[in-house]
Amino acid sequence: MINVRRLGHATLTTPNLNRAIEYYNEVIGLNVVARDRKSAILATKVGLEAIALVEGDQAELARLSFQVAPGTDLNDCIKALAKHGVKAERRSEISPGVKEAITFKDNKGTAIDVYAEYEFAKDMEKPIGIMPLKLGHVAYRCEDIKPVMQFYMDVLGFRLSDIRGDFFCFLRCNSDHHAVNFVNDPKAQLHHIAFEVKDWPEIHRACDYLAKNNLLLVWGPGRHIIGHNIAAYHRNHDGVRVELYTEMDQMKDEALGYFDPRPWHQETPLRPKQHGPETLRNYWGFGSGSTANMPGYP
């Protein structure tokens with residue numbers, strides 16, 4: 001097993017590269033740190049690479065990257081993966097911040113890059129757009145979450161934070177409640193990507209900013225029950241659902257085994273658990289008090 005420490009950047013294909021760059025730069029507020037005729041890489045203002053864009057026929061998740069502890073020997077990671085029957089190879093210069101990585105595919109076919117050393121990007125632009133802190137998590141639809149969940153736990157070192165019924169799981173690799181989540185769906189595809197902003201007033205500001213850019217919310221704002229993050233969702237020009245969130249549950253100490261207590265928690269201490277399928281999505285906000293689903297959101 002290797003021990004992933006954080007989510008790096010997500011690589012998305014796009015049928016309109018210039019429009020996608022404009023959205024992530026001018027609306028989301030990421031800096032363009034590399035660009036050529038068919039691709040671009042963008043980072044947050046605090047220097048974390050978040051999104052890589054590649055020309056493609058449609059908008060899809062093409063790759064995910066994760067960081068392990070600095071100083072880790074990537075050859076040891078290759079050997080650890082081999083014990084699980086996963087073949088990995090070395091890959092160089094995958095982004096301005098990542099010079100050396102290993103690459104392989106998870107058991108649902110998504111390409112994964114894992115690296116140990118990262119060089120933070122410099123903020124060379126004036127403040128613009130929403131300006132999130134980081135790419136916080138990526139959600140994916142799977143035909144069956146169970147083998148995917150086990151792969152991420154047994155092979156990549158993720159821990160199960162919560163599971164709703166037998167169809168929606170949330171996995172963490174650090175103190176954040178989840179860095180990836182998987183939901184059952186007949187068609188395997190990206191569910192949403194999520195950016196963390198610093199606080200609730202930033203969600204308020206972001207919603208107004210989206211409206212001025214003719215990007216209307218499709219759900220929220222509201223406070224989830226699983227994870228307890230305040231979240232608002234919109235779709236970008238490629239149809240990708242994008243979540244903006246803050247106040248996600250934090251497990252600061254794995255040995256204690258519970259999430260840091262907060263006034264809005266329904267129980268204390270709050271520990272990872274199995275949620276019934278009837279669990280409401282929202283503590284408050286659109287859809288709270290009802291089991292009706294947001295379209296495409298179990």
Checked the range 182-206 for anything surrounded by fewer than 14 Cβ atoms within 10 Å (Cβ to Cβ) and assigned to a loop (DSSP other than H, G, I, E, B); matches are 186, 187, 198, 199
Would you check if residue 69 is at pLDDT 95 or above, small (Gly, Ala, Ser) and surrounded by 17 or more Cβ atoms within 10 Å (Cβ to Cβ)? no
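When you check residue 114 against the structure, is it modelled with pLDDT of 95 or more and within 21 Å of residue 51 (Cβ to Cβ), yes or no?
Values: modelled with pLDDT of 95 or more: yes; within 21 Å of residue 51 (Cβ to Cβ): yes.
The answer is yes for residue 114.
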Under 8 Å between Cβ atoms, at least 6 apart or on separate chains: pull out the pairs that start in the range 182-201 with a residue that is over 18 Å from residue 59 (Cβ atoms) and at pLDDT 95 or above and end on any residue that is among the acidic types (Asp, Glu) and buried (at least 17 other Cβ atoms within 10 Å of the Cβ). 199/247; 200/247
Selection within the range 234-259 - surrounded by fewer than 20 Cβ atoms within 10 Å (Cβ to Cβ) and hydroxyl-bearing (Ser, Thr, Tyr): 258
Residue match in the range 140-148 (condition: closer than 21 Å to residue 84 by Cα, β-branched (Val, Ile, Thr) and part of a strand (DSSP E or B)): no
From the list 153, 149, exactly one residue is free of Cβ contacts under 8 Å to residues at least 60 places away in the same chain, surrounded by fewer than 20 Cβ atoms within 10 Å (Cβ to Cβ) and more than 17 Å from residue 259 (Cβ to Cβ). Which is it? 153
From 79, 45, grab the single residue that is surrounded by 14 or more Cβ atoms within 10 Å (Cβ to Cβ) and of a type in the set (Lys, Arg). 45
Counting only residues that are surrounded by fewer than 14 Cβ atoms within 10 Å (Cβ to Cβ) and not assigned by TED's automatic domain parsing to the domain that holds residue 200, which one in the range 126-146 is nearest to residue 166 (Cα to Cα)? 127
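Can you tell me which residue in the range 113-125 is surrounded by the most Cβ atoms within 10 Å (Cβ to Cβ), limited to those that are assigned to a loop (DSSP other than H, G, I, E, B) and aliphatic (A, V, I, L, M)?
Filtering first and then ranking leaves 121.
The values are calculated or read from the model by the stated rules, or taken from the named source; none is laboratory data. Because the structure is predicted, anything quoted here is derived from the model rather than measured. Note that we place each Cβ from the backbone using ideal geometry, even for glycine, and neighbour counts take in every protein chain shown.
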